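**Student:** The structure under discussion is supplied below as structure tokens; questions concerning it will follow.
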Amino acid sequence: MSPINLSKIKITKNSSPKNTFRNTRKRRWNLFFVSLITTLSIFFIHQQFFTAPKVFTSKVSVIQPSQQYTVLNASGYVVPQRQAALSSKAQGRLEWLGVLEGSKVQKGQIIARLEKEDVEAALQQAIAQKQIAQANLNKGRADLREANLNLKRSAELLDKQFIPQAQHDKNLSRVEKIDANLEGLKATLKSADANIKAAEIAVNQTIITAPFDGIVLTKSANVGDNITPFSSAADSKGAVVTIADMKTLEIEADVSEAKIHQIKIDQPCEVLLEAIPERRFSAVVSRMVPTVNRSKATILVKIRFTESDPRILPDMSAKVAFLEKKVPSNEKKPVTVVLPESILKRASGYVVFKIIDNYTSEIPVLLGKKINGKIEVSGVSAGDQLVLNPSAQLKTGTRVELR
């Protein structure tokens, strides 16, 4: 066995237990920082290229250019200015009715008739009374002629003293009596004429006619009903039908008394009927009722249509826009508008980003004028969903998440 060479044995300072522990901890921290940087890089890349960005959106809308001239809005209902509930002054049973709801009638047209046998009998009686009065008058006139002849003869005989004075006076008195009786017969004849006229009116009152051209709105009675216009008796009807002149349709709208100063007579208006939403009608302020509704603090304003449409009917709900001036003819059609924040300016022009199934589609648009904080555009349709405040890096096909 050879001896051990102790001179080759060396002790290294770095190999101490303390230095070994420090090196191990340093390697761990380095590994942690590398892992953290790697994780953040992966997260950033995922967010940048794989996660859909969250965006706010707005919808393309359609508005009327007249909205830029609107000073006040109100709601109301369509009413006919000329409307009548038709009945008869006579009382009786309805015998015939010639119209239904919606029937068009002309002025003077017979709409209904009541039973008239009793009033026709009264008319015939009045005619007969006149004939009697006329006959009595004719007889009285004949008696007067005869009495005048007798008076003339008695005057000649008196001059020759063939008759006494008393006989002549008697003939004179008879003439005066007949003449006075004739005045009464004439008055009786006039009374008979008046009775005939009254009877004719009574007969005519059993006939109900249209006072003006119009349309039947409601039918309140049927054949066989008792018509009692001035009574509320049981099982009786007052009006037979109600008609309206459709040429006089207007709108009644309540306007707050605090805003009535913004309205004046003949002020242009635009009317939207809920039953006809695809069209807006031109109108003007016709008149304002000079009284205030205390319970609602409103004033009734009546608006007259300046254009007609057979689809407009009474009691339709209406929205009225009071305008500061008349809408030009080239601004009466609706326009497509978007929010300014949805428009992005490119080098090639203006674009918007339409969202289809959570993916963007870049669409070029042409800009028009600004209306009520929105911008008129062409190239998109009403209801399209657009990205608000799109970034310059956004492009077609980008997947987005809606906020």
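The values are calculated or read from the model by the stated rules, or taken from the named source; none is laboratory data. Since we're looking at a predicted model, the values are computed, not measured. Ideal geometry is used to build each Cβ from the backbone, glycine not excepted, and the neighbour counts take in all protein chains shown.
**Student:** If you go through region 311-332, how many residues are in a loop (DSSP other than H, G, I, E, B) and free of Cβ contacts under 8 Å to residues at least 24 places away in the same chain? Working first, answer last.
**Tutor:** Taking region 311-332 as the starting set, the residues that turn out to be in a loop (DSSP other than H, G, I, E, B) are 311-316, 324-328, 332.
Cutting the leftovers down to free of Cβ contacts under 8 Å to residues at least 24 places away in the same chain gives us 328.
Residues that pass the stated criteria total 1.
**Student:** Determine, yes or no, whether E120 is touching a residue at least 12 places away in the same chain (Cβ under 8 Å), surrounded by 12 or more Cβ atoms within 10 Å (Cβ to Cβ) and either not in a loop (DSSP other than H, G, I, E, B) or not assigned by TED's automatic domain parsing to the domain that holds G224 (or both). Write out each step before concluding.
**Tutor:** Working: touching a residue at least 12 places away in the same chain (Cβ under 8 Å): yes; surrounded by 12 or more Cβ atoms within 10 Å (Cβ to Cβ): yes; either not in a loop (DSSP other than H, G, I, E, B) or not assigned by TED's automatic domain parsing to the domain that holds G224 (or both): yes.
Answer is yes for this residue.
**Student:** Another question about this same structure. Considering only residues that are at pLDDT below 85 and among the charged types (D, E, K, R), which ones fall in region 154-173?
**Tutor:** Answer for region 154-173, where residues must be at pLDDT below 85 and among the charged types (D, E, K, R): E156, D159, K160, D169.
**Student:** Is it the case that some residue within region 197-205 is among the charged types (D, E, K, R) and within 30 Å of Q129 (Cβ to Cβ)?
**Tutor:** For region 197-205, residues among the charged types (D, E, K, R) and within 30 Å of Q129 (Cβ to Cβ): present.
**Student:** For region 257-295, what are the residues that are among the basic types (K, R), over 24 Å from P65 (Cα atoms) and surrounded by 11 or more Cβ atoms within 10 Å (Cβ to Cβ)? Lay out the reasoning, then the answer.
**Tutor:** Quick first cut of region 257-295, residues among the basic types (K, R) only: 259, 264, 279-280, 287, 294.
Next, from what is left, pick out any that are over 24 Å from P65 (Cα atoms): 287, 294.
The one that is among the basic types (K, R), over 24 Å from P65 (Cα atoms) and surrounded by 11 or more Cβ atoms within 10 Å (Cβ to Cβ): R287.
**Student:** Just to be sure, is V352 in contact with a helix residue (DSSP H, G or I) (Cβ under 8 Å, 6 or more places away or on another chain), buried (at least 17 other Cβ atoms within 10 Å of the Cβ) and either within 30 Å of E101 (Cα to Cα) or without any contact (Cβ under 8 Å) to a residue 40 or more places away in the chain (or both)? Lay out the reasoning, then the answer.
**Tutor:** Values: in contact with a helix residue (DSSP H, G or I) (Cβ under 8 Å, 6 or more places away or on another chain): yes; buried (at least 17 other Cβ atoms within 10 Å of the Cβ): yes; either within 30 Å of E101 (Cα to Cα) or without any contact (Cβ under 8 Å) to a residue 40 or more places away in the chain (or both): yes.
Judged against the criteria, V352 is a match.
**Student:** Evaluate the following for S286: is it within 24 Å of S61 (Cβ to Cβ) and either among the β-branched types (V, I, T) or at pLDDT 90 or above (or both)?
**Tutor:** no
**Student:** Being part of a helix (DSSP H, G or I) and more than 30 Å from L189 (Cβ to Cβ), is that true of even one residue in region 134-150? Steps first, please.
**Tutor:** So the first thing to find is which residues in region 134-150 are part of a helix (DSSP H, G or I), and the list is 134-150.
Subsequent filtering for residues that are more than 30 Å from L189 (Cβ to Cβ) retains none.
No, that holds for no residue.
**Student:** To continue, here is another question. Is it the case, given these coordinates, that V175 is of a type in the set (A, V, I, L, M, F, W, C), touching a residue at least 40 places away in the same chain (Cβ under 8 Å) and on the phi < 0 side of the Ramachandran plot?
**Tutor:** Numbers: of a type in the set (A, V, I, L, M, F, W, C): yes; touching a residue at least 40 places away in the same chain (Cβ under 8 Å): no; on the phi < 0 side of the Ramachandran plot: yes.
Spelling it out, it is not the case that V175 is of a type in the set (A, V, I, L, M, F, W, C), touching a residue at least 40 places away in the same chain (Cβ under 8 Å) and on the phi < 0 side of the Ramachandran plot.
**Student:** Something else now. Right, K374: of a type outside the set (G, A, S), surrounded by 12 or more Cβ atoms within 10 Å (Cβ to Cβ) and more than 23 Å from V62 (Cβ to Cβ) or not? Before the answer, list the steps.
**Tutor:** Working: of a type outside the set (G, A, S): yes; surrounded by 12 or more Cβ atoms within 10 Å (Cβ to Cβ): yes; more than 23 Å from V62 (Cβ to Cβ): no.
So K374 does not fit the description; no.
**Student:** Does S61 qualify as being in the same structural domain as K395 (by TED's automatic domain parsing), within 30 Å of Q262 (Cα to Cα), in contact with a strand residue (DSSP E or B) (Cβ under 9 Å, 6 or more places away or on another chain) and small (G, A, S)?
**Tutor:** Spelling it out, S61 is indeed in the same structural domain as K395 (by TED's automatic domain parsing), within 30 Å of Q262 (Cα to Cα), in contact with a strand residue (DSSP E or B) (Cβ under 9 Å, 6 or more places away or on another chain) and small (G, A, S).
**Student:** Report whether or not V387 is surrounded by 12 or more Cβ atoms within 10 Å (Cβ to Cβ) and not assigned by TED's automatic domain parsing to the domain that holds L273.
**Tutor:** yes
Residue-wise test of (1) surrounded by 12 or more Cβ atoms within 10 Å (Cβ to Cβ); (2) touching a strand residue (DSSP E or B) at 6+ places or on another chain (Cβ under 8 Å); (3) over 30 Å from V284 (Cβ atoms).
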position: K319; (1), (2), (3): yes, yes, no
position: V338; (1), (2), (3): yes, yes, yes
position: E341; (1), (2), (3): yes, yes, yes
position: D357; (1), (2), (3): no, no, yes
position: S361; (1), (2), (3): yes, yes, yes
position: V365; (1), (2), (3): yes, yes, yes
position: K370; (1), (2), (3): yes, yes, no
position: G379; (1), (2), (3): yes, yes, yes
